[in-house]
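Structure record follows, encoded as structure tokens.
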Amino acid sequence: MYRLLLCLVMVLLAATPAWAAEAGQVSVPLQGDQPRGDEARQAALRQGLETVITRLTGRDRVAELPGVAEALADPRRWLSRYSYEAGEPPRLSALFDDRALTRYLADHGAPVWGGSQPPVLVWLVTEGTGRGDLVTGGDPLARRLEQVAERRGLSLVLPEGDQRDRDTVTVADVRGRFDGPVLQASRRYDTAWVATAVLYDGAASTLNWRLLHDGEAVAGERARADGTDAALDDFIAALSDQMAERYAVGGDEPESTAPDTAGDGPASPPVIGAGSPAGGDILLRDDRVITVRGVDTLGAWHRLYQELADLGPVRKVALRVVSDDRVQFELAFSGDRAELARLVASLDAVRDCGDPAAPPLTYCLR
């Protein structure tokens, strides 16, 4: 069975995996007396590319990151297509190759989001003249939060604010930091990350926020800003920084230590193990090698391969071993084994086997 699977796998190794276009899609206003001229277009492309890099890294001051200045110097290098949108002012809609950008940034040592970022549920109370109001999906402030979060690449969830929420949590619970009702109301949204915040408007705005993970407070601040918009910008920036610290990969590995990607790139590792006894142990030990059990159909293999290849910091996926119902891949990856383990464990296709005797980075197919 595994020989047939191996043959079919090798046919599909050259397939290009799917990659979501949303991270690379931007719409930028065109400025100047000639908004469709070369100068305005180049400025808009640079601004759009900077926005995409912000999404991919979770950082706001991206110009300080390694490799970014070179990337911004030639936006067309990363451009897939662009078009003009009517309006006042007109806008430039552009699609950049976010996958190539992610790999480039990781190669240069810049931190990049790895895989799907877990969402953050935000319970935000605005303090007016009364007891305060909870910001829910569809509110003007909610849209403002979503716009800032989109620019930073942060996955944000806002409560429905329906009767089910109102029966469980109140404005006073959020304002008073009574985590029990807040966490109980948060269960329906299925996220381990919950932020609570209270916004006080006045001559200067103050936003008092906390971030909880699995019910435990991990960060918080009472910050002042010049107005509501600035306070919300700072709040989302702080949340994004907290998430990027935990889920961004790279940032400390220079390009020279990463696999050489010049020209046609490094040769794929050989497919070994064809002569191994069925069900025998796979003896490879490497920080960038993973083993997955239960892969006994071509469809299962293809799903697994596609999910691995779609992980942003992963530059290449190469088959190393097919043995019985197991496959082993070597990943060209900017990061350490702990980061790789976290990324792979987040995939829908795999789960922890729960076998302490298994080799490192061993998973079971779901």
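The values are calculated or read from the model by the stated rules, or taken from the named source; none is laboratory data. All values reported here derive from a predicted model rather than from experimental measurement. Every residue, glycine among them, receives a Cβ derived from its backbone with ideal geometry; neighbour counts consider all protein chains shown.
Below, the figures for the structure above:
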| read-out | value |
| --- | --- |
| Positions within segment 341-366 being aliphatic (A, V, I, L, M) and at pLDDT below 80, in sequence order | LEU343, ALA357, ALA358 |
| Per-region count, segment 222-243, residues under 15 Å from THR57 (Cβ atoms) and of a type outside the set (Asp, Glu) | 6 |
| Out of GLY161, GLY132, sole residue that is without any contact (Cβ under 8 Å) to a residue 60 or more places away in the chain, on the phi > 0 side of the Ramachandran plot and not assigned by TED's automatic domain parsing to the domain that holds PRO35 | GLY161 |
| Residue match in segment 128-141 (condition: buried (at least 16 other Cβ atoms within 10 Å of the Cβ) and within 30 Å of PRO35 (Cβ to Cβ)) | no |
| Elements of type helices (runs of 4 or more DSSP H) in segment 162-235, at least 1 residues being over 28 Å from the mean Cα position of the chain (by Cα) and closer than 13 Å to LEU124 by Cα | 171-175 |
| Filter pass, GLY153 being at pLDDT 90 or above, surrounded by 15 or more Cβ atoms within 10 Å (Cβ to Cβ) and not aliphatic (A, V, I, L, M) | no |
| Looking only at segment 26-61, and only at residues there that are farther than 30 Å from TYR247 by Cα and among the charged types (D, E, K, R), the one that is nearest to the chain's Cα centre (by Cα) | ARG41 |
| Condition check for LEU92: buried (at least 21 other Cβ atoms within 10 Å of the Cβ), over 20 Å from GLN31 (Cβ atoms) and either among the hydroxyl-bearing types (Ser, Thr, Tyr) or in the same structural domain as GLU39 (by TED's automatic domain parsing) (or both) | no |
| Every residue from segment 81-106 that is hydroxyl-bearing (Ser, Thr, Tyr) and more than 19 Å from ASP38 (Cβ to Cβ) | THR102, TYR104 |
| Qualifying residue in segment 265-272 (condition: modelled with pLDDT under 80, in a strand (DSSP E or B) and not assigned by TED's automatic domain parsing to the domain that holds ASP107) | yes |
| Condition check for SER186: touching a Leu at 6+ places or on another chain (Cβ under 6 Å), under 25 Å from TRP113 (Cα atoms) and modelled with pLDDT of 95 or more | yes |
| Segment 309-318, residues that are surrounded by fewer than 23 Cβ atoms within 10 Å (Cβ to Cβ) and either in contact with a strand residue (DSSP E or B) (Cβ under 6 Å, 6 or more places away or on another chain) or on the phi > 0 side of the Ramachandran plot (or both) | ALA309, LYS316, VAL317, ALA318 |
| Cβ pairs under 8 Å, 6+ apart, first in segment 354-366 and in contact (Cβ under 8 Å) with a residue 60 or more places away in the chain, second of a type in the set (Ser, Thr, Tyr) and part of a strand (DSSP E or B) | ALA358/THR291; PRO359/THR291; LEU361/THR291; THR362/THR291; TYR363/THR291 |
| Residues being of a type in the set (Val, Ile, Thr) and farther than 24 Å from ARG166 by Cβ - total across segment 184-227 | 2 |
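Residue-wise test of (1) among the polar types (S, T, N, Q); (2) under 30 Å from THR57 (Cβ atoms); (3) in contact (Cβ under 8 Å) with a residue 60 or more places away in the chain; (4) assigned to a helix (DSSP H, G or I).
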residue	(1), (2), (3), (4)
VAL295	no, no, yes, no
GLU307	no, yes, no, yes
VAL322	no, no, yes, no
GLN328	yes, no, no, no
LEU347	no, yes, yes, no
